[in-house]
Amino acid sequence: MSNFWDFFHHLFNPRWIFLYFGNTALFIILAIVFAETGFFIGFFLPGDSLLFTAGIFGKDLCKNFYNVPFFVIILIVALVAVLGNIQGYWLGYKSGKLLYKKKDSFFFKKKHLILAKLFYNKYKTTALIISRFLPMFRSFAPIIAGAIKVNFKKFMIYNIIGAIVWTSSIMLSGHYLDKNFPKLKNNLEWIILLIIVTTTLPIILNLKKK
């Protein structure tokens, strides 16, 4: 049991994932991206910091995956992000109403679902793009879209755009920042925290005014 909790604790440290898993780090990234967008329990996973770190370790990822160009790695991650949202959509489509009756647990908080619905009501389908950059909303936005029966074709358009913009912007940011400022990787946690606070806090405060 202690080994499980140690692993769970380290899961929040993207740098550890690359150091520990090495050649299979890409598959861990893909699993986390899918879980974060495909299941409501994934909202606590380190998607942004993981992708940013993936950009920093881009050369290693390419080398360990048949030496493909970095943009191929980005496209693979984006594809999994699209598939994760599809899973979230169908989860909401089939059991969205039941989620409102579900009791709170360690992995599920009803307030997050309600806040995500307010967010979706305000930004409509563009919420599927904006939410990619907001950890809590990223997991619940596709579920809300499915629960309110958004047209699937329309959902897919915003799903694909959001996935590509999210993965490419964050991974390329990490990639080029490391190239030009290699010492920044030593302050990775603070950079990610700053990104989360500056993007999430204004929207949450705005929603609470409604």
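The values are calculated or read from the model by the stated rules, or taken from the named source; none is laboratory data. This is a predicted model, so every value here is computed, not measured. All Cβ positions, glycine included, derive from the backbone under ideal geometry; neighbour counts span all protein chains shown. SASA here: full protein model, heavy atoms, side chains in, ligands and nucleic acids out. Shrake-Rupley method; radii C 1.70, N 1.55, O 1.52, S 1.80 Å.
Values for this structure:
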read-out	value
Failed item, numbered, when Gly84 is tested on (1) in contact with a Phe, Trp or Tyr (Cβ under 6 Å, 6 or more places away or on another chain); (2) modelled with pLDDT of 90 or more; (3) surrounded by fewer than 23 Cβ atoms within 10 Å (Cβ to Cβ)	(3)
Pick from region 187-210, criterion more than 19 Å from Glu36 (Cβ to Cβ), among the polar types (S, T, N, Q) and surrounded by 10 or more Cβ atoms within 10 Å (Cβ to Cβ), ranking: modelled with the highest pLDDT	Asn187
Elements of type helices (runs of 4 or more DSSP H) in region 89-156, at least 2 residues being open to solvent by less than 10 Å² (accessible area, probe 1.4 Å) and at pLDDT below 80	110-123
